[in-house]
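**Q** Right, I'll just put the structure down here and ask away after.
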Amino acid sequence: MRNPQLNKHGELQHLLTLDGLPREVIIGILDHAAPFTEVAEREVKKLPLLRGKSIFNLFFENSTRTRTTFEIAAKRLSADVVNLNVSTSSTAKGESLLDTIDNLCAMHADMFVVRHSASGAPVLIAQHLQATGRDHIHVVNAGDGRHAHPTQGLLDMYTIRHYKRDFTQLSIAIVGDILHSRVARSQIAALTTLGVPDLRVVAPKTLLPTAIENLGVRTFTDMREGLRGVDVVMMLRLQNERMTGALLPTPQEYYKVWGLTPEKLALAKPDAIVMHPGPLNRGIEIDSAVADGTQSVILPQVTFGIAVRMAVMSMLAGQ
Ligand code: ASP
């Protein structure tokens, strides 16, 4: 069966998830992103690839990095970008998601960038567009519930390839709130497709989804064991907004056992890099000495994120 994100020529139609996305498509996006990193160094930071295209940023859930980097990426490609402020829009007056979409289609939208707290919202929009014969409009998932955050996963892959080159030689640990993390799901999908031989998820038992081993990872419930000898440490934020019930002791106790301190990081390889998708909770999942330390690549992740989002948007809708 054809991957629903690809059109009949095998090109990207939507970017909804990294699950099942072929290796050559992932590598193609990373390769496409590389020259865009140089656009930011120019005096005129613009290319005409999306000139005349209308892109709607629909963020039904909060975001700083993702929303602004999508916006700046679209602007650097010369698109017209509209940021819908959902809290003051018709959604707040009770309009349904698909009615909002239909109205924006009537304004000749070319692309929707969608963040939603409900898993599946971007897929629903893509299916609606297809069912109503509007196949020329593209959807990019900018994070839905616990499900997926594909551009975050891709910018993470770009960052790892930049510092470590060959995925097939790496030991990588994803640490923290795996259970509620769409970022972890997208990272696992991409890292397994790219052939990482030693992929670990490291978390307290209450924050590990059941049967996660089926995704091709090894689980560790002891952080020190999980970090031993890895090349890359990918930290996650505690998703308090998605937690129901008491899964954890106090933040202070979480930090004691699960916070990434210089002393714990010393168990990884000496040249290991430390990543975090942001927003950081200093003193909870990560110590400031690590977040601001020499092994941290957290801010380069943000910069690479712009190039990766430019690559995705221009591959979907570029001339
Ligand atoms: N910014 C990421 C996301 O939207 C990670 C996080 O919020 O912790 O999922």
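The values are calculated or read from the model by the stated rules, or taken from the named source; none is laboratory data. Predicted model only: the values in this text are computed from it and were never measured. FYI the Cβ positions are ideal-geometry reconstructions off the backbone, even for glycines, and counts take in every protein chain you see. Just the protein is used for accessible areas: all its heavy atoms, side chains included, with ligands, DNA and RNA removed. Shrake-Rupley method; radii C 1.70, N 1.55, O 1.52, S 1.80 Å.
**Q** Measuring with a 1.4 Å probe in the full set of protein chains, what accessible area per residue, in whole Å², belongs to the chain? If you can, show how the numbers build up before the last one.
**A** Numbers: 13940 Å² over 319 residues.
About 44 Å² of surface per residue is accessible.
**Q** In whole percent, what relative contact order does the chain give with Cα contacts below 8 Å and a gap of six or more residues? Show your work: numbers first, answer last.
**A** Working: 569 pairs, mean separation 65.3, N = 319.
It rounds to 20 percent for the chain.
**Q** Would you mind putting 99-105, 302-308, 128-134 in packing order, based on average other-beta-carbon counts within 10 Å, highest first?
**A** Working: 99-105: 16.6, 302-308: 22.7, 128-134: 13.6.
Descending packing order for the listed peptides: 302-308, 99-105, 128-134.
**Q** Grab the chain and count how many Lys pairs have their alpha-carbon atoms under 14 Å apart, sequence gap of 8 or more, or different chains. It would help to have the intermediate numbers written out before the result.
**A** Working: LYS45/LYS75; LYS46/LYS75; LYS53/LYS75; LYS164/LYS269; LYS256/LYS264.
Within the chain, the lysine pair count is 5.
**Q** Another question, if that's okay. Find the percent of Cα-Cα distances in region 31-129 that exceed 21 Å, and round it to a whole number.
**A** Values: 1894 of 4851 pairs.
It works out to 39 percent of all Cα pairs.
**Q** Also, quick follow-up: Could you list which residues have their amide H under 5 Å from that of ASP198, counting only those 5 or more apart in sequence or on another chain, with H placed in the peptide plane?
**A** Here LEU170, ILE172 satisfy the definition.
**Q** With a 1.4 Å probe and all protein chains kept in place, how much accessible area does ARG309 have, in Å² rounded to the nearest 10?
**A** The accessible area comes out at roughly 10 Å².
**Q** Within the accessible area of the chain, what % is carbon and sulfur when the probe is 1.4 Å and the other protein chains stay in place? It would help to have the intermediate numbers written out before the result.
**A** Details: 7310 of 13940 Å².
That fraction is 52 percent.
**Q** Can you pull the accessible area of LYS256 for me, 1.4 Å probe, Å² to the nearest 10?
**A** Accessible area, nearest 10 Å²: 150 Å².
**Q** Please state the Cα pair-distance histogram of region 53-186 with 10 angstrom bins from zero: what percent is in each bin?
**A** 11, 38, 33, 14, 4, 0
**Q** Let me ask you something else. Charges at C-beta only: +1 for Lys and Arg, -1 for Asp and Glu. How large is the resulting dipole of region 1-50 about its Cα centre, in Debye rounded to 20?
**A** Taking the Cα centre of region 1-50 as origin, the dipole is about 200 debye.
**Q** May I pose another question? Between the helical axis of 150-164 and the dominant principal axis of the chain, each derived from Cα atoms, what acute angle in degrees is found, rounded to the nearest 10?
**A** So the helix axis and the longest Cα principal axis differ by about 50 degrees.
**Q** Tell me, what HN-Hα J-couplings in whole Hz come from the Karplus equation 6.51 cos²θ - 1.76 cosθ + 1.60 at θ = phi - 60° for each residue of region 210-224, using x for Gly and Pro?
**A** 5, 6, 5, 4, 4, 7, x, 10, 9, 9, 9, 10, 10, 4, 5
**Q** Treating region 165-286 as a set of equal point scatterers at the Cα positions, no solvent, please give the Debye-formula log₁₀ I(q)/I(0) at q = 0.13, 0.22 Å⁻¹.
**A** Result of the Debye calculation: -0.46, -1.39.
**Q** Accessible area of THR210, 1.4 Å probe, to the nearest 10 Å²?
**A** 130
**Q** Tell me the mean residue ellipticity at 222 nm calculated for the chain from its helices only (DSSP H runs of n ≥ 4, each -39500 (n - 2.57), averaged over every residue, nearest 500). Present the calculation step by step, with values, prior to reporting the outcome.
**A** Numbers: 12 runs with 115 residues, N = 319.
It lands at -10500 deg cm²/dmol.
**Q** Compute the convex hull volume of the Cα atoms of region 225-298, divide it by the residue count, and report the result per residue in Å³ as a whole number. Before the final figure, lay out the partial values.
**A** Values: hull volume 6.6 nm³, N = 74.
Once divided by residue count, the hull of region 225-298 is 89 Å³.
**Q** If you don't mind, there's one more thing I want to ask. From the residues VAL82, ILE72, SER54, which one has its Cα farthest along the dipole of region 1-117 in the positive direction, the dipole being from +1 and -1 charges on Cβ of Lys/Arg and Asp/Glu about the Cα centre?
**A** ILE72
**Q** If you average the alpha carbon positions of region 39-92 and of region 217-244, how far apart do those two centres end up, in angstrom?
**A** Region 39-92 and region 217-244 have Cα centres separated by 32 Å.
**Q** Let me ask something additional. So what does log10 I(q)/I(0) come out to for the chain at q = 0.10 Å⁻¹, using the Debye formula with one equal point on every Cα and no solvent?
**A** Results for the chain at q = 0.10 Å⁻¹ read -0.56.
**Q** Among PRO249, GLY259, SER314, which residue has its Cα furthest toward the positive end of the charge dipole of region 249-319, with +1 on Lys/Arg Cβ and -1 on Asp/Glu Cβ?
**A** SER314
**Q** Using only Cα atoms, tell me the angle between helix 65-76 and the longest principal axis of the chain; keep it within 0 to 90° and round to the nearest 10.
**A** On a 0 to 90 degree scale, this one is about 40.
**Q** What is the magnitude of the charge dipole of region 143-255 about its Cα centre, with +1 placed on the Cβ of each Lys and Arg, -1 on the Cβ of each Asp and Glu, and no other charges, expressed in debye to the nearest 20? Walk me through the numbers on the way to the answer.
**A** On the way: 13 positive and 11 negative charges, 23 e Å.
Charge dipole, region 143-255, about its Cα centre: 120 debye, nearest 20.
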